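The values are calculated or read from the model by the stated rules, or taken from the named source; none is laboratory data. Keep in mind the model is a prediction, meaning the values are calculated, not measured. Cβ coordinates were reconstructed from backbone atoms using ideal geometry, including for glycine residues, and neighbour counts include every protein chain displayed. Accessible surface areas use protein heavy atoms only, side chains included; no ligands, DNA or RNA. Shrake-Rupley method; radii C 1.70, N 1.55, O 1.52, S 1.80 Å.
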Amino acid sequence: MKLRVRDKIIDLDEPVIMGVLNVTPDSFSGDGVVDVAAALEQARVMVGEGARVIDVGGESSRPGAQAVSLDEELRRVVPVVERLARETTAVISVDTAKPEVAQAVLEAGAHIINDITGLRDERMAGVVAKYGAAVVLMHMQGTPETMQRDPQYDDVVREVAEFWRQRTRRARAAGVGADQIVLDPGIGFGKTMEHNLELLRATRNLVAEFREPVLIGASRKGFIGRLTGHEEARDRVFGTVALTAMVVRDGAAMVRVHDVAANLDAVKLVQVWRDERD
Ligand code: HH2
């Protein structure tokens with residue numbers, strides 16, 4: 001399977017590590033950086049460790065996070081994308097739900113728009129299509145500010161699948177190619193621990209049901225802390241790596257993680273397991 005991102009093709013036969021680069025002062029994972037030089041350095045380290053995509057985010061989406069203004073998000077993200085595009089060969093993804101930010105970063109050389117609202121703003125699909133970029137369609141119930149208050153579903157897996165179908169249609173109608181769409185269940189976004197686990201356990205079935213690649217972002221998230229007894233986000237790396245192994249084994253094509261080297265080890269071992277079996 002391949003993902004077309006503007007003038008580049010990402011081969012998905014080897015699962016892809018998307019390294020998280022938060023240019024925010026308040027990310028839950030505790031790894032946010034605020035100046036361009038530090039961001040560039042962090043990106044270089046992640047690429048050196050084997051990340052094939054760098055996901056730049058200028059707005060924290062942790063539960064309860066306040067929205068960031070358009071100007072502030074542009075100020076945080078655009079200079080980093082410009083430098084990454086000029087000075088590295090990394091595939092650049094930008095985590096944004098704002099079409100104006102998408103337009104600016106695509107102009108600056110980004111390849112993928114990671115929209116955690118899955119094209120809630122209808123203008124977003126047109127911007128992505130205009131630049132021939134790829135898009136991540138993530139499911140979220142509510143908004144980061146309110147999403148964890150009391151998430152409710154009749155059947156979380158069916159509702160996420162229906163959302164993916166709907167938003168894939170929206171993207172395709174705007175001109176985004178079938179090979180330019182990535183689907184993400186949005187672990188922790190308007191979901192209880194049980195909802196997260198149901199979705200993760202359904203990975204294999206969801207991968208079989210959809211022809212688009214599936215991305216899982218569970219890195220250092222709260223439910224891992226609850227299951228392993230680690231209060232601090234940075235202590236949840238081992239739990240994250242275990243989950244990476246499981247979802248990649250179940251067919252996830254991409255994982256979005258903070259700790260590239262550790263998670264790549266898991267991916268490599270799962271690959272050996274798969275190759276042995278085939
Ligand atoms: N999770 C976060 C942010 N963006 N994008 C996708 N596609 N999938 C995810 O699961 C996802 C995401 C939250 O993690 P992080 O960026 O580390 O934290 P914060 O939003 O606080 O910056």
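Among the residues making up region 47-63, those that are away from the ligand (no atom under 13 Å from the Cβ), of a type outside the set (K, R) and closer than 19 Å to L3 by Cβ are V47, G50, A51. Checked against (1) in contact with a Ser or Thr (Cβ under 9 Å, 6 or more places away or on another chain); (2) free of Cβ contacts under 8 Å to residues at least 60 places away in the same chain; (3) in a loop (DSSP other than H, G, I, E, B), F238 meets all criteria but (3).
Remark: pairs (first residue in region 75-86, in contact (Cβ under 8 Å) with a residue 40 or more places away in the chain and within 20 Å of R52 (Cα to Cα); second residue open to solvent by 40 Å² or more (accessible area, probe 1.4 Å) and assigned to a helix (DSSP H, G or I); Cβ separation under 9 Å; 6+ apart in sequence or on different chains) = V80/V36; R83/V36; R83/A37. Consider region 190-211 and keep the residues that are within 13 Å of the ligand (Cβ to nearest atom) and in a loop (DSSP other than H, G, I, E, B). The one that is farthest from G126 (Cα to Cα) is K191. Within region 138-173, the set of residues being more than 23 Å from E209 (Cβ to Cβ) and among the hydrophobic types (A, V, I, L, M, F, W, C) comprises just one member, M147.
Tell me whether region 265-277 contains one or more residues that are more than 16 Å from R52 (Cβ to Cβ), out of contact with any strand residue (DSSP E or B) (no Cβ under 6 Å at 6 or more places or on another chain) and buried (at least 20 other Cβ atoms within 10 Å of the Cβ). Looking through region 265-277, none of the residues is more than 16 Å from R52 (Cβ to Cβ), out of contact with any strand residue (DSSP E or B) (no Cβ under 6 Å at 6 or more places or on another chain) and buried (at least 20 other Cβ atoms within 10 Å of the Cβ). In region 9-25, is there at least one residue being within 13 Å of the ligand (Cβ to nearest atom) and more than 23 Å from D184 (Cα to Cα)? Checking region 9-25: at least one residue is within 13 Å of the ligand (Cβ to nearest atom) and more than 23 Å from D184 (Cα to Cα).
Only a single item in (1) open to solvent by less than 20 Å² (accessible area, probe 1.4 Å); (2) in contact with a strand residue (DSSP E or B) (Cβ under 8 Å, 6 or more places away or on another chain) is not met by V160, and it is number (2).
Scanning region 246-255 for residues that are open to solvent by 30 Å² or more (accessible area, probe 1.4 Å) and assigned to a helix (DSSP H, G or I) yields M246, R249.
Of the candidates D55, D35, D71, the single residue that is at pLDDT 95 or above and exposed (fewer than 13 other Cβ atoms within 10 Å of the Cβ) is D71.
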